[in-house]
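Step one of this worksheet: look at the structure below.
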Amino acid sequence: MPTLLEAQGACAGYGEIEVLGGVDVSIAAGSITAVIGSNGAGKSTLMRSLAGLLPLRRGSIRFDGVDVTARRAHQRVSDGIALVPEGRLVFPDFTVAETLRMGAFTPRSRKGWQPRVEKMYELFPRLRERRSTQAGLLSGGEQQMLALARGLMSLPRVLLLDEPSLGLAPAMADEVFTALRAIRDQGMTIGVVEQNVYAALSIADTAYVMEDGHVVRHGPAAALIGDPSIRQAYLGL
Ligand code: ATP
């Protein structure tokens, strides 16, 4: 599959701290690409850089063959890059239906937002049941599904997710991972950062392992999940 989104030699950080020390990642169209690694490795920073929330100091970001390094976050949303940040961040007072409507805020996605809401309810039946409920009253798992569905409402071509299973009970986390696979099977391109290494490698096509601001391993997820050093370091096996 051709590459849809890639970072080449990406360097980024906060103030004096350089977090990404020249990162190369490539997310193939129609695939799930997982980024794993220990705490503080720079995974969230990489996602923020891909989405344009954090400018690169060196290196470049290319989207569908076009250099988007200089494009701001809101422009990249219009381009088709959506980030579902860690912690879900739904507005507590808006209902599920209102939140979904708000997700279709780019000129391209405004058209046809109503049938798209229906599609989201098909993908996440639980959201249909809760459509008139305020987002703040949903369970953690439901909020994560809502954040994901809101991201999809902007008609992204690539969906980036930071820790979608964080704080969820195992059954809820499973539902989120199943939904990601379903979305990928419908043709979406997904990049996901996860603490739950086993689940991430189970649903991903390709995976990157980051340590201390660098990619230390990458390859087919199925190969990494069977690799003794990965199993020992990240799966506790
Ligand atoms: P985790 O799994 O713990 O979220 P991560 O791999 O996603 O880790 P990042 O969140 O990218 O790692 O953080 C990488 C480093 O950058 C850490 O040392 C962190 O303390 C630092 N950092 C992150 N955000 C900021 C910020 N806004 N200002 C200063 N330092 C930051």
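The values are calculated or read from the model by the stated rules, or taken from the named source; none is laboratory data. Keep in mind that what you see is a predicted model, and the values were worked out from it rather than measured. No Cβ is skipped: glycine too gets one built from the backbone with ideal geometry, and neighbour counts run over all protein chains shown. In case anyone asks, the SASA skips ligands and DNA or RNA and just uses the protein heavy atoms, side chains included. Shrake-Rupley method; radii C 1.70, N 1.55, O 1.52, S 1.80 Å.
Residues in the stretch 63-116 that are β-branched (V, I, T) and assigned to a loop (DSSP other than H, G, I, E, B): how many?
4
Kindly list the number of the only condition in (1) hydrophobic (A, V, I, L, M, F, W, C); (2) farther than 14 Å from Y208 by Cβ; (3) more than 10 Å from the ligand (Cβ to nearest atom); (4) not in a loop (DSSP other than H, G, I, E, B) that fails for A12. Just one mismatch for A12, condition (3). Kindly evaluate G37 against the criterion of being surrounded by 14 or more Cβ atoms within 10 Å (Cβ to Cβ), at pLDDT below 95 and at positive phi. In short, yes. Applying the condition of being acidic (D, E) and more than 20 Å from the chain's Cα centre (by Cα) to the stretch 86-105 and asking which residue is surrounded by the fewest Cβ atoms within 10 Å (Cβ to Cβ) yields D93. The residues in the stretch 70-81 that are in contact with a strand residue (DSSP E or B) (Cβ under 6 Å, 6 or more places away or on another chain) and within 16 Å of the ligand (Cβ to nearest atom) can be counted, and the count is 0.
Picking from residues in the stretch 41-53 that are free of Cβ contacts under 8 Å to residues at least 60 places away in the same chain and outside any helix (DSSP H, G or I), the one that is nearest to the ligand (Cβ to nearest atom) is L53. A single entry from V25, V35, V19 fulfils the requirement of being near the ligand (Cβ under 9 Å from one of its atoms), under 25 Å from A222 (Cβ atoms) and either part of a strand (DSSP E or B) or touching a helix residue (DSSP H, G or I) at 6+ places or on another chain (Cβ under 8 Å) (or both): V35.
A single member of Q75, Q8 is modelled with pLDDT under 95 and open to solvent by 40 Å² or more (accessible area, probe 1.4 Å), and it is Q75.
What number of residues in the stretch 127-166 are among the polar types (S, T, N, Q) and either in contact with a strand residue (DSSP E or B) (Cβ under 8 Å, 6 or more places away or on another chain) or open to solvent by less than 10 Å² (accessible area, probe 1.4 Å) (or both)? Lay out the reasoning, then the answer.
Of the stretch 127-166, the ones among the polar types (S, T, N, Q) are 132-134, 139, 143-144, 154, 165.
Applying the additional criterion that residues be either in contact with a strand residue (DSSP E or B) (Cβ under 8 Å, 6 or more places away or on another chain) or open to solvent by less than 10 Å² (accessible area, probe 1.4 Å) (or both) yields 132-134, 144, 154.
Of the residues in the stretch 127-166, 5 are among the polar types (S, T, N, Q) and either in contact with a strand residue (DSSP E or B) (Cβ under 8 Å, 6 or more places away or on another chain) or open to solvent by less than 10 Å² (accessible area, probe 1.4 Å) (or both).
So, in the stretch 106-125, exactly how many residues are in contact (Cβ under 8 Å) with a residue 40 or more places away in the chain and surrounded by fewer than 16 Cβ atoms within 10 Å (Cβ to Cβ)? Steps first, answer last, please.
Here is the first cut: in the stretch 106-125, the residues in contact (Cβ under 8 Å) with a residue 40 or more places away in the chain are 106, 108-109, 113, 123-124.
From the residues that got through so far, the ones that are surrounded by fewer than 16 Cβ atoms within 10 Å (Cβ to Cβ) too are 108.
So the count comes out to 1.
Just a yes or no: is a residue in the stretch 54-69 within 11 Å of the ligand (Cβ to nearest atom) and either of a type in the set (G, A, S) or touching a residue at least 12 places away in the same chain (Cβ under 8 Å) (or both)? Yes; the residues of the stretch 54-69 include at least one that is within 11 Å of the ligand (Cβ to nearest atom) and either of a type in the set (G, A, S) or touching a residue at least 12 places away in the same chain (Cβ under 8 Å) (or both).
Residues are listed down the side, and each one gets a yes or a no for (1) outside any loop (DSSP other than H, G, I, E, B); (2) surrounded by fewer than 18 Cβ atoms within 10 Å (Cβ to Cβ); (3) in contact (Cβ under 8 Å) with a residue 24 or more places away in the chain:
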site: L168; (1), (2), (3): no, no, yes
site: D174; (1), (2), (3): yes, yes, yes
site: F177; (1), (2), (3): yes, no, yes
site: R184; (1), (2), (3): yes, no, yes
site: G187; (1), (2), (3): no, yes, yes
site: I190; (1), (2), (3): yes, no, yes
site: A200; (1), (2), (3): yes, no, yes
site: R217; (1), (2), (3): yes, yes, no
site: S229; (1), (2), (3): yes, yes, no
